[in-house]
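Novice: Got a structure here, written out as structure tokens. Questions coming.
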Amino acid sequence: MLAGLGIGSVAIGFAFKDIFENFLAGIIILVRREMRIGDFVACEGYEGTVEAILVHETHIRETDGELVILPNSMLFKNPLIIRTALEQRRTTIFCGVGYGENVDEARSVIKTAVASCKTVITESRPVQVFANEFADSSINFEVSWWTGSRPLDIRESRDEVIAAIKSALDNAGIEIPFPHRTLTFNDPVRINANRPSPD
């Protein structure tokens, strides 16, 4: 009987371990209040809006509408990204121009185009445009700006910025190149001009 009680106590302890762990994690999450209802968070591959923070679990609504119920211990023990901790978030894209273009002029055109967008915050957060690399067919610029922190804000701003940059570069006559490939032959290539066309 004593041995049975001992084994039973261990089994019950293991059974309630996760419950107590989630309970304590939930209390800590509620007390520190770094994650709030309505925040957009990401943890261990799950990403969505926090709908409820309960003692044992947290409800997250993903962008496709699915509801994910996460144990609080997962949110407490793993890295938790709170994407809406601030009202503003920086986003970055890369844009390439042809090797024959003037780098300073292209940088200025891109910066002006981004700053003119309605979704770009320019009062306290400057638009940044840096020449980033010599790519295969272009000189690539790293373009960064600040906008709203929610995923929809990011997507809308990217859409507006990319369209504005494309239009500005086209109007300035600056080439946005497609990939070029150079073929080198060791021997001269013979071209038969009198070769009959296949019919």
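Novice: Counting Lys and Arg as +1 and Asp and Glu as -1, what is the net charge of the other residues whose Cβ lies under 15 Å from the Cβ of ARG89?
Specialist: Net charge in that neighbourhood comes out at +1.
Novice: Less than 15 Å Cβ to Cβ from ASP39, Lys/Arg counted +1 and Asp/Glu -1: what total charge do the surrounding residues give? Don't jump to the answer; show the numbers that get you there.
Specialist: Values: positive: ARG32, ARG33, ARG36, ARG61, ARG83, ARG89, ARG150; negative: GLU34, GLU47, GLU51, GLU62, GLU87, ASP153.
Local net charge: +1.
Novice: How charged is the neighbourhood of ARG107? Take every other residue with its Cβ under 13 Å from the Cβ of ARG107, and add Lys/Arg as +1 and Asp/Glu as -1.
Specialist: In short, -3.
Novice: List the DSSP H helices in the chain whose Cα atoms stretch 24 Å or more along the helix axis and whose mean Kyte-Doolittle hydropathy is at least 1.0.
Specialist: Within the chain the helices that satisfy the rule are 2-32.
Novice: Loop sites only, by DSSP: take the chymotrypsin sites (Phe, Trp or Tyr not before Pro) in the chain that have at most 14 other C-beta atoms within 10 Å and name the longest stretch containing none of them.
Specialist: Details: sites that count: TYR99, PHE185.
Result, exposed sites excluded: 1-98.
Novice: Can you compute the modelled spin-label distance between GLU123 and ARG83, with each label point 7 Å from Cα toward Cβ, in nm?
Specialist: Between GLU123 and ARG83, the label points sit 2.4 nm apart.
Novice: I would also like to ask the following. Scanning the chain for GluC sites (Glu not before Pro) in DSSP loops with at most 12 other Cβ atoms within 10 Å, what's the longest stretch left with none?
Specialist: 124-199
Novice: Sticking with this structure for a sec: Can you give me the relative contact order of the chain as a percent, contacts being Cα pairs under 8 Å and 6 or more apart?
Specialist: Values: 284 pairs, mean separation 32.4, N = 199.
The value is 16 percent.
Novice: Also, I was wondering about something else. Return the label of the correct value of semi-axes √(5λ) of the Cα gyration tensor in Å, as calculated from the structure shown, out of (1) 27, 21, 14; (2) 30, 22, 14; (3) 55, 27, 14.
Specialist: Recomputing semi-axes √(5λ) of the Cα gyration tensor in Å here picks out (3).
Every number in this text was worked out from the coordinates using simple rules, so none of it is lab data. Not measured: the values here are computed from a predicted model. FYI the Cβ positions are ideal-geometry reconstructions off the backbone, even for glycines, and counts take in every protein chain you see.
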